[in-house]
Amino acid sequence: MNMSERRDIGKDVDARPGSVPAPLCRPAYEHGRLYLGNGSGSCVACLMGFAVLGESCLSGARIVRDGRDGGEKGAYGIVIERTRGTEVGGVLCEVCKGFMGKMQEWLVRVMGCKMLSMKIILANPRGFCAGVNMAIETVDEALKIVGTPLYVYHEIVHNRHVVESFKKQGVVFVDSIEEVPNDSTVIFSAHGVSPEVRGAAKARNCTMIDATCPLVTKVHMEAIRYAKQGYKLLLVGHAGHDEVVGTVGEAPDAFSIVESPEDVEKLPFSEEEQGQLVYLTQTTLSMDDANVIIDAIKRRYPGIKQPPSEDICYATTNRQLAVRALAEESDLVLVVGSKNSSNSVRLTEISENAGTRAYLVDDVSEIDHVWFNGVESVLITAGASAPEHLVEEIVKELIEKYEGLVDESHIVEEDVHFNLPRSLRVLQESCGKGNGNNGCGCG
């Protein structure tokens, strides 16, 4: 094939002002090769996009300097060796999108390649659980009734975006009740608090609104009951986590925190004491990790008492089941959540344990597109405290950059709802909101 016979598939593209940016990137087929380039070498985004495509999907990709296309010496281009039957997935820049249809048709018809879009698998369930929904709604309603400043003890949920949004509305997050002025309103976070914290708030004559997740409250009640019966309690969880601190605070002298199988071997209790031992678990643990530790506890203390029902919450369990079921069919997993979200971190660990790379991101700004080299399918999930709009922004980004196709995968259906805290409902009624008014605006 000589130069005059070269097939130019870019010449019919509309390059008028307002259509596609100039200079137009013009792909061509010559001597069994795909040649991509422009007249001046300024189409950097296009060259980079096809360099990634070539390196990840085809052999022989290389960037060349060649003046043949456009007649200007030294212009940049990319040569990709012809490879029939190869599945090609790549990113087209804004320039290349102007002739995407022609490019795809040409690759399939002439080169025998198959163009692929990235598959975006959305795990269901994902994101907010009933406890988080309740906690966030509690702060929203309290703002309407009490106004600002409104105080919240610890982050209401472990998500940076949720916390920052409330801060902008005048909510003040504190790590000590001593930071709350006397006679103020304070909300306890979804992770629960100890009796000591409640006592300190009462001493300051604070109006207390308890947004503790009911499933965390369940563990607190178990701790109180077993401690009163004289049991020694083993709490499987992460020392220092807000939930663990609150649970241990119910009976500080009765608890031993167990974070690993190695911790089990260090427990001071003898075999004769096992009848007075009981274990509880943090609600946001990985089921896999928790079971490894619980198995170690049972091996050492076969007679240990276990709680009447599972402590790990339904939402944590369901999100983990979804990742476990879908990770193996994905090349990459993105978990939307903050670094201090225990259940979000656990989702990345479960994916890694299944053999699939996983990254925890707060939002779309934390994505590194190097992660997607050679990736044909990505699974997206979100921790129980991550807002859905953060997932939507990431999906939008992947659709635009990778021609992504979305697949909603439903593993477990959820329909759990928790009522607002009784203390908040009483406050609503006292301000007239419960009678259909818009709130009294007191506070």
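The values are calculated or read from the model by the stated rules, or taken from the named source; none is laboratory data. Quantities reported herein were computed from a predicted structural model and do not represent experimental measurements. All Cβ positions, even for glycine, are placed from backbone atoms using ideal geometry, and neighbour counts span all protein chains on display.
Could you list all residues from the range 198-214 that are of a type in the set (A, V, I, L, M) and touching a helix residue (DSSP H, G or I) at 6+ places or on another chain (Cβ under 6 Å)? Please lay out each step first, then the result.
First pass over the range 198-214, keeping only residues of a type in the set (A, V, I, L, M): 200-201, 203, 208-209, 211.
Scanning the range 198-214 gives Ala200, Ala201, Met208, Ile209, Ala211.
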Thr283, sole failed condition from (1) free of Cβ contacts under 8 Å to residues at least 40 places away in the same chain; (2) closer than 23 Å to Glu196 by Cα: (1)
Out of (1) closer than 30 Å to Ser165 by Cα; (2) part of a helix (DSSP H, G or I), what's the single condition that is false for Leu326? (1)
Take the conditions in a loop (DSSP other than H, G, I, E, B) and in contact with a strand residue (DSSP E or B) (Cβ under 6 Å, 6 or more places away or on another chain) and apply them to Ala239. Does it pass? yes
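Quick check on the range 266-314: of everything there that is part of a loop (DSSP other than H, G, I, E, B) and of a type in the set (Gly, Ala, Ser), which residue is nearest to His158 (Cα to Cα)?
From the range 266-314, those part of a loop (DSSP other than H, G, I, E, B) are 266-270, 282-286, 301-304, 306-313; that's our starting set.
Imposing the further condition that a residue be of a type in the set (Gly, Ala, Ser) reduces the set to 270, 286, 303, 309.
Working: Ser270: 38, Ser286: 16, Gly303: 36, Ser309: 25 Å.
That would be Ser286.
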Going through (1) modelled with pLDDT of 95 or more; (2) among the β-branched types (Val, Ile, Thr); (3) more than 20 Å from Asp289 (Cα to Cα) one by one, Val370 fails only at (1)
List the residue pairs whose Cβ atoms are under 7 Å apart, where the first residue sits in the range 264-275 and is closer than 21 Å to Gly237 by Cβ, the second is among the small types (Gly, Ala, Ser) and outside any loop (DSSP other than H, G, I, E, B), and the two are 6 or more positions apart or on different chains. Val264/Ala296; Leu267/Ser256
Residues Ile297, Ile293, Ile304, Ile350: which one is crowded, with 20+ Cβ neighbours inside 10 Å, within 29 Å of Val163 (Cβ to Cβ) and either in contact with a helix residue (DSSP H, G or I) (Cβ under 7 Å, 6 or more places away or on another chain) or not aromatic (Phe, Trp, Tyr) (or both)? Ile350
Among residues belonging to the range 370-397 that are in contact (Cβ under 8 Å) with a residue 40 or more places away in the chain and more than 11 Å from the chain's Cα centre (by Cα), point out the one that is surrounded by the most Cβ atoms within 10 Å (Cβ to Cβ). Val378
Single match in Glu397, Glu393 (criterion: over 26 Å from Ala190 (Cβ atoms) and either assigned to a strand (DSSP E or B) or not assigned by TED's automatic domain parsing to the domain that holds His241 (or both)): Glu397
Might you check whether a residue that is outside the structural domain of Asp363 (by TED's automatic domain parsing), crowded, with 16+ Cβ neighbours inside 10 Å and of a type in the set (Lys, Arg) occurs anywhere in the range 224-241? yes
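Among residues belonging to the range 330-354 that are β-branched (Val, Ile, Thr) and not in a helix (DSSP H, G or I), point out the one that is farthest from Ile380 (Cα to Cα). Quick ask: steps written out before the conclusion?
In the first step, residues of the range 330-354 are kept if they are β-branched (Val, Ile, Thr); the result is 333, 335-336, 345, 348, 350.
Next, from what is left, pick out any that are not in a helix (DSSP H, G or I): 333, 335-336.
Values: Val333: 6, Val335: 6, Val336: 8 Å.
Going through the qualifying residues, I end up with Val336.
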